[in-house]
Amino acid sequence: MLLRNDNRKEKELRVFAIANQKGGCGKTTTAINLAASLAECEKSVLLIDLDPQAHSTLGLGIDPEKLEKSLSNVLNEEPGKAFEIEDVLVRVCPRLDLAPSQIFLSAFEQRWAGVEGREDVLYRKLQPLGQLFDFVLIDCPPNIGLLTFNALRAADDVLVPVEPSFFSLHGLKKLVETVGLVEDTFSKQIALRALLTLWDPRTILAREVWKKFVSHFAGKVYTTYIRKNNRLQQAVEAGKPITLFDPDAAGSKDYRALAKELLELEAKEVSKTLVDEIEREAVLMAGKAQELPQRDKQQEVGRAESPEEAIPISPEKKTAGVESGEGFEREGVQEAGVEEETVKERQVDSIDRVYEEIRTLPEEEVAGTKLQAEENVAVGQSDSSKVEALREAEEAEVVFSYLAPTARNVEIIGEFTDWKPLRLNPPPGSQGVWMKIFHLRKGAYQYKFLVDGKKTIDLKNPRFGVCPQGGIASIIEV
């Protein structure tokens, strides 16, 4: 492979940051299952769980609390004491390794506050891995903080899972602004592509979001989309990638298709880079070939031709200079008198147009509470079930887990269960982590766990308050 953004000679390490500051868009599900699908394609893959909530770690059946070492030992420790990434890897399946996370990683921002080079911590740790892996996938936290900034600094590409909702577009807008800042700061280019997740063709909003994305970001949206599929959620709860949990499920087919598309894009980019390098070499050779005649002409005429006169350039390249490479479309040289837009302004302006058009859709369509007349017959659901299905598009996926290896039963009660106990899924193995996924609307919720009938708060969650049902309860904000 050819070089990109660094000085590696022997092999290129392709780094993807999977990011969206909005939770519940399928970010961790994508990180886990795309990594497993690439491994199926005979690629060596490293999945980095950069989220202190450790959802990728939990989603692969690993209990963070039982780990003796994790990514926090790599990124938080003092130089000389810190582990290397290779020291904390956990083998998930053939050709796929995980750098697991723990809650201690949340101290990263405090540890590096005010320290010069704090944006390069992860980048420096990844440099020795070029001979070990073909791809690194980074599951970023659902916010734009120092951890996410480290991921973007290290990344060649950003994959943005986007659910078909208004709020997800807003998260994409903020992320593009941040990517532009990273590009400006480190003088690098980052390819950014959106991936449509939780796709349900029954909703008007889903189809509208897809149309707007395709029309405004042609070539910058993956043609593969991830259908809403209950087996994906069940695979996370079982602690396995969907390709191992149910190889024939729709989710398996979708993520395999995404891996294939990503590899095809990689091959096209490598081919384009080869062509670009040949063109550059040709231009240099042409310039050198003309040096001697130009010197003779200088002596005879007393002046030298300009580079434009010496090397013919097509009008298209001379005036437009539109690149079709990485990132959103960028303009090069423009006509005289026209102020050149910055890359970041063009990116944000494009998303603002989509954002505004979605916002101005009829209110009932934005809310996702209306089906077109012909769909009422085709879908064959009751009105209430249609409304419920459409509302799901506005919900965030939240994973609740509790470590209790010896417990016979673990339940959860909270505002989202009407304070009625719901049983968590038993541990899939010897790790002892009970887990259940809920889809919650935006807001703050109180909850407790019942371990063999005894009430307890979530010990991993530092937020709690007085509970209307008595005592104290943990608080989660979606």
Practice task
Determine whether the range 162-179 contains at least one residue that is closer than 26 Å to PRO52 by Cα, modelled with pLDDT of 90 or more and not aliphatic (A, V, I, L, M).
Solution key: no
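Could you grab me the full set of residues in the range 180-200 that are in a helix (DSSP H, G or I) and either surrounded by fewer than 17 Cβ atoms within 10 Å (Cβ to Cβ) or under 12 Å from the mean Cα position of the chain (by Cα) (or both)?
Applying the first criterion (in a helix (DSSP H, G or I)) to the range 180-200 yields 180-186.
Listed by number, the residues that qualify are LEU181, ASP184, THR185, PHE186.
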Fill in the blank from the handout: Within the range 152-202, of all residues that are without any contact (Cβ under 8 Å) to a residue 40 or more places away in the chain and among the hydroxyl-bearing types (Ser, Thr, Tyr), the one nearest to THR224 (Cα to Cα) is THR178
Problem - Odd one out for ILE138, checked against (1) hydrophobic (A, V, I, L, M, F, W, C); (2) buried (at least 19 other Cβ atoms within 10 Å of the Cβ); (3) in contact with a Lys or Arg (Cβ under 7 Å, 6 or more places away or on another chain) - result: (3)
Handout entry: The listed residue being touching a residue at least 24 places away in the same chain (Cβ under 8 Å) and more than 25 Å from ASP157 (Cα to Cα), out of PRO128, PRO142, PRO64, PRO52
Key = PRO64
Fill in the blank from the handout: Note on the range 74-100: residues closer than 19 Å to SER37 by Cα and among the small types (Gly, Ala, Ser) are ALA99
Practice task
Kindly establish whether ALA82 is of a type in the set (Gly, Ala, Ser) and buried (at least 17 other Cβ atoms within 10 Å of the Cβ).
Solution key: no
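Taking ALA238 as the residue in question, decide whether it is over 19 Å from CYS25 (Cβ atoms) and free of Cβ contacts under 8 Å to residues at least 24 places away in the same chain. Walk me through how you get there before you give the answer.
Details: over 19 Å from CYS25 (Cβ atoms): yes; free of Cβ contacts under 8 Å to residues at least 24 places away in the same chain: no.
Spelling it out, it is not the case that ALA238 is over 19 Å from CYS25 (Cβ atoms) and free of Cβ contacts under 8 Å to residues at least 24 places away in the same chain.
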Exercise for the section: Tell me, yes or no, whether the range 88-109 has at least one residue that is closer than 20 Å to ARG193 by Cα, buried (at least 21 other Cβ atoms within 10 Å of the Cβ) and among the aromatic types (Phe, Trp, Tyr). Expected result: no
Problem - Residue in the range 15-34 that is over 29 Å from PHE167 (Cα atoms), in the same structural domain as THR178 (by TED's automatic domain parsing), surrounded by 22 or more Cβ atoms within 10 Å (Cβ to Cβ) and modelled with pLDDT of 90 or more present - result: no
Practice task
For GLU68, work out the one condition from (1) surrounded by fewer than 22 Cβ atoms within 10 Å (Cβ to Cβ); (2) modelled with pLDDT of 90 or more; (3) assigned to a loop (DSSP other than H, G, I, E, B); (4) within 22 Å of the chain's Cα centre (by Cα) it doesn't fulfil.
Solution key: (4)
Exercise for the section: Say whether the condition of being assigned by TED's automatic domain parsing to the domain that holds LEU34, aromatic (Phe, Trp, Tyr) and under 16 Å from ASP254 (Cα atoms) is met by at least one residue in the range 179-187. Expected result: no
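Would you check which residues across the range 214-233 are assigned to a helix (DSSP H, G or I) and either without any contact (Cβ under 8 Å) to a residue 12 or more places away in the chain or closer than 21 Å to PHE16 by Cα (or both) and list them? Quick ask: steps written out before the conclusion?
Initial filter on the range 214-233 (assigned to a helix (DSSP H, G or I)): 214-216, 230-233.
Within the range 214-233, VAL214, SER215, ASN230 qualify.
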Fill in the blank from the handout: Counting only residues in the range 91-130 that are of a type in the set (S, T, N, Q), out of contact with any helix residue (DSSP H, G or I) (no Cβ under 6 Å at 6 or more places or on another chain) and closer than 27 Å to GLU65 by Cα, the one modelled with the lowest pLDDT is identified as GLN110
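The values are calculated or read from the model by the stated rules, or taken from the named source; none is laboratory data. Note that the structure is predicted; figures quoted are calculated from it, not measured. Glycine also receives a Cβ, built like all others from the backbone with ideal geometry; neighbour counts cover every protein chain displayed.
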